[in-house]
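S.K.: Once you've had a glance at the structure underneath, I'll fire off some questions.
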Amino acid sequence: MNRRQILRRATGLAAASIATPLWAQSAGRIVLGQSAALSGPAAALGLRFREGAMLHFERLNAKGGVNGRQIELQSLDDGYEPDRCAENTRKLIEGGAFALFGYIGTPTSLAALPLATQAKTPFFAPFTGAEALRAPFNRYAFHVRASYYDETAEIVRQTTAIGIKRIGVFYQNDSYGKAGLEGVTRALKPLGLEPAGLGTVERNTVDVDAAVKAIMAGKPDAIVQISAYKSCAAFIRAARKAGFGGTFYNVSFVGTKALSDELGADARGVVVSQVVPFPFTPASQLAGEYLAAGKAAQGDKFEPNYSSMEGFVAARTFAEGLKRAGANAGTDGLITGLESLRDLNLGGFFVDFSPTKHTGSKYVDLTILAADGRVRR
């Protein structure tokens, strides 16, 4: 399935979800609600994450579901805009969603989490590493991925280990970008360093000229990017044109495949931190299961990528918590089931929850993009 076909399919899914009301949970099904970017400049992130989650949910449903109940994922399009996400969340909660699953992005998740908390609806596996969603502890929020603090700390560790000390930061001018900037700043501070040049871009835009000028004035040797794939790609091209010869580092939310596709041959040497295992070969048991599920569902058209791998991991984790909750479990039972996932081994990737800890992983790996679209570890 190519990107255009995926976009058409997602638009249809979003329209169908809006037109079809959610009904109360029944003995035969569990309805999960998702608000995600299914259109607009960040669409690849929502589409791919949902695709990966459905690989597992559809496989489970074909085998009878979880505790005899089918899992349905109702997805609404928010275009990566907080106001639309909040409205979608109200619709999903009022429609009886059992839990909210796989929200895409920091500003959107920050708009949704208070609504979920007020409604006592579990908010599971948002595609964001922002600390503001993790602290203070929230009984209804569960995070499967590592945080942006974890990712930026690893990036700073790697760059400073090879002698790079002048690190600029290009960041989205919202809660996501500022969370990443704070992570970089926190990691640099113990080393007696601070960012060498800062530049911003507005969400869902690619107006990067002012950011390039501001950051280049600081003469950085490396630039950490905290934004979505289209603006990051635009910045990389503009910075190269302005004479920057150093390395670009991105956190996982950028969308590795989306960034690579956007850049083409210009992707060569760009580094992206990852929060799930390498998905392109069966190097781990988890990756093997993911690839087998994709092949079974889409045949030779299946294109593995990190964003859908994260959706697959989120679905695997949620389903295990639901299984442990037992038949006909409600919200409290689901939370108890998830909190029982101590050092859960998904096949080379571990998730560890408890009644006082809802951040499941600190796994971070760094990858490098090649000019031909491949991703190297």
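Any read-out appearing in this document is the output of simple, stated calculations on the displayed coordinates, not a laboratory observation. As the structure is a computational prediction, the values presented were derived from the model and not from experiment. Cβ placement follows ideal geometry from the backbone for every residue including glycine, while neighbour counts extend to all protein chains displayed.
S.K.: On a C-alpha basis, how far is the centre of region 188-231 from the centre of region 301-377 in Å? Whole number, if you could?
M.R.: 30
S.K.: Sticking with this structure for a sec: Helix-derived [θ] at 222 nm for the chain: sum -39500 (n - 2.57) over DSSP H runs of at least 4, divide by residue count, nearest 500? Walk me through the numbers on the way to the answer.
M.R.: Values: 12 runs with 164 residues, N = 377.
Result for the chain, helices only: -14000 deg cm²/dmol.
S.K.: Of 91/230; 178/213; 323/357; 178/230; 178/362; 91/178, which pairs sit farther than 23 Å apart, going by alpha carbon to alpha carbon? Working shown, then result.
M.R.: Working: 91/230 29 Å; 178/213 19 Å; 323/357 20 Å; 178/230 18 Å; 178/362 20 Å; 91/178 29 Å.
Checking Cα-Cα distances, 91/230; 91/178 exceed 23 Å.
S.K.: Order these peptides, 354-360, 121-127, 302-308, by their mean beta-carbon neighbour count within 10 angstrom, highest first.
M.R.: On the way: 354-360: 15.9, 121-127: 25.7, 302-308: 22.1.
Highest mean packing first, the order is 121-127, 302-308, 354-360.
S.K.: Right, something else. Among rounded, prolate and oblate, which fits region 148-274 when a ≥ b ≥ c are the square roots of the eigenvalues of its C-alpha gyration tensor, a/c under 1.5 means rounded, and a/b larger than b/c means prolate? It would help to have the intermediate numbers written out before the result.
M.R.: On the way: a/c = 1.35, a/b = 1.28, b/c = 1.05.
Rounded, since a/c falls under 1.5.
S.K.: Amide H to amide H under 5 Å from residue 127: which residues, 5+ apart in sequence or cross-chain, H placed 1.01 Å off N in plane?
M.R.: 103, 104, 105
S.K.: Mind ordering 313-325, 247-259, 133-145 by average Cβ neighbours within 10 Å, highest first? Walk me through the numbers before you get to the answer.
M.R.: Values: 313-325: 23.6, 247-259: 25.6, 133-145: 18.5.
Top of the packing list down: 247-259, 313-325, 133-145.
S.K.: Amide H of residue 363 versus every other amide H placed in the peptide plane: which residues, excluding those fewer than 5 positions away on the same chain, fall under 5 Å?
M.R.: For residue 363, whose amide H was placed from the backbone, the distant partners under 5 Å are 146.
S.K.: A follow-up question, please. To make sure I understand the rule: partners must be lysines, Cα under 19 Å from the Cα of residue 301, and not fewer than 8 residues away in the same chain. Which ones qualify?
M.R.: Within reach: 257.
S.K.: Using θ = phi - 60° and the Karplus curve 6.51 cos²θ - 1.76 cosθ + 1.60, what whole-Hz ³J(HN,Hα) does each residue of region 100-109 get, with Gly and Pro shown as x?
M.R.: 9, 9, x, 5, 10, x, 6, x, 6, 5
S.K.: Calculate, in nm to one decimal, what residue 323 and residue 161 gain on full extension: separation in residues at 0.36 nm each, minus their alpha carbon distance.
M.R.: On the way: separation 162, 0.36 × 162 = 58.32 nm, distance 4.38 nm.
Here the answer is 53.9 nm.
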